[in-house]
Structures are given as structure tokens and as C-alpha cells.
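*Asks:* Here it is, the structure, as C-alpha cells.
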Amino acid sequence: MPTIVLGLGNPYLGDDGVGWRVIDALEVLLKSTSREDIHIDRVSLGGLALMERLVGYDRAILVDAFQPVSASPGTVHRLTVADLPTLHSNSAHDASLQDALLLGERLGAVLPKEILIYAIEVNKTWTLEEGLSPEVIGSVDRTAQAIFLDLSP
């Protein structure tokens with residue numbers, strides 16, 4: 001059962017890089033295992049491109065920054081696609097994850113039967129800087145550990 005774990009975001013936009021940092025920490029944890037069924041990557045994708053990246057996997061775990069209206073930076077949410085608010089894409093040139101997955105299914109793409117999303121509440125995601133805020137840094141190892149447990153056979 002191949003699983004893909006994707007850290008989403010942009011490491012050059014402050015807290016938006018948290019998904020990539022969680023993947024860095026997860027790779028350290030996975031070094032002690034010989035799990036060839038787990039593929040890990042860092043991407044700056046959304047919508048249709050993200051759906052295409054999921055093709056061929058039975059399971060996917062996505063890690064991304066989350067900026068709700070009243071954020072509590074560092075709080076980690078474990079969600080499914082059904083838990084996501086039904087939103088239209090922020091761009092007229094792409095689709096929401098839900099719409100992209102639906103389109104992929106209609107086109108016959110082999111998509112994961114299970115998709116987990118680790119959404120980490122963040123401060124700022126539009127400032128050009130490589131570091132994470134202190135509150136968000138504290139969530140990196142905690143999230144990597146939770147994903148590692150989800151990956152346990």
C-alpha cells in the first residue's frame with residue numbers, strides 16, 4: 001500500500017514553510033525504518049497540480065500551513081478532505097482540492113482512498129523570510145511524531 005507524505009508550502013514565505021520543515025523532521029524519524037512503501041516530498045502545489053501528484057497512491061498525508069480568521073499559531077489540526085471548508089479556489093486558474101479530486105476521479109485517475117491533512121495554524125505567510133515564528137517552530141516535531149505514528153504498520 002504505497003503512501004505519499006507531502007509537505008506543502010513555500011519555505012521562503014515565513015510560516016508557510018512549516019510543511020517542508022515537518023517533512024525534514026519526519027525524514028529523521030523514518031531513517032530508523034526500512035519502509036519502501038512511504039514516499040516523501042516537498043511541493044509548492046495546490047489544486048489540479050496537487051491532485052496529479054497524488055495519482056497512484058493508496059494513501060496520502062498532506063502537511064500545510066493553515067491561517068484561520070482567529071489563529072492560534074502552532075495549533076495542529078488533523079483533518080480529512082471532508083473536514084475542509086467547501087471553498088472556491090483563490091485563483092481563477094485553478095481548483096480547490098475537493099474539486100480537483102472530484103475531477104480526477106471522474107477522469108479515472110487512481111487517487112488515494114485515504115487522505116489525511118495536518119493543518120498547522122500559522123502567523124504570517126506572505127513575508128519574504130526563511131524562518132518560522134517561535135510558536136510554529138514548536139509544532140514541527142510534534143506534528144512529525146503524529147505522522148510517524150499514523151504511518152506505523
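The values are calculated or read from the model by the stated rules, or taken from the named source; none is laboratory data. In this text the structure is predicted, and so the values were computed from the model without any measurement. Here Cβ is always computed from backbone atoms with ideal geometry, including for glycine, and neighbour counts include all displayed protein chains.
*Asks:* Take the stretch 138-153 and flag every residue that is under 14 Å from GLY19 (Cα atoms) and out of contact with any Gly (no Cβ under 8 Å at 6 or more places or on another chain).
*Replies:* The answer is VAL140, ASP141, ARG142, THR143, ALA144, GLN145, ALA146, ILE147.
*Asks:* Here are the criteria: (1) among the hydrophobic types (A, V, I, L, M, F, W, C); (2) modelled with pLDDT of 90 or more; (3) surrounded by fewer than 19 Cβ atoms within 10 Å (Cβ to Cβ); (4) in a helix (DSSP H, G or I). Tell me which single one LEU79 does not satisfy.
*Replies:* Failed condition: (4).
*Asks:* Same structure, new question: Does any residue in the stretch 30-45 that is without any contact (Cβ under 8 Å) to a residue 24 or more places away in the chain come within less than 7 Å, Cβ to Cβ, of a residue that is surrounded by 16 or more Cβ atoms within 10 Å (Cβ to Cβ) six or more places away or on a different chain, and which pairs are these?
*Replies:* none
*Asks:* Something else about it: Any idea which residue in the stretch 1-42 is surrounded by the fewest Cβ atoms within 10 Å (Cβ to Cβ), counting only those that are within 16 Å of ILE137 (Cβ to Cβ) and aliphatic (A, V, I, L, M)?
*Replies:* Step by step, filter the stretch 1-42, then rank; the result is VAL28.
*Asks:* Ok, one more. Please go through the stretch 12-53 and give me each residue that is out of contact with any Ser or Thr (no Cβ under 9 Å at 6 or more places or on another chain), of a type in the set (Asp, Glu) and in a helix (DSSP H, G or I), ordered by number.
*Replies:* ASP24, GLU27, GLU52 - these are the residues of the stretch 12-53 that are out of contact with any Ser or Thr (no Cβ under 9 Å at 6 or more places or on another chain), of a type in the set (Asp, Glu) and in a helix (DSSP H, G or I).
*Asks:* Suppose we filter the stretch 1-37 for residues that are over 20 Å from GLY56 (Cα atoms) and among the aliphatic types (A, V, I, L, M); how many remain?
*Replies:* So the count comes out to 9.
*Asks:* Quick check: anything in the stretch 88-96 among the small types (Gly, Ala, Ser), in a loop (DSSP other than H, G, I, E, B), touching a residue at least 40 places away in the same chain (Cβ under 8 Å) and buried (at least 17 other Cβ atoms within 10 Å of the Cβ)?
*Replies:* yes
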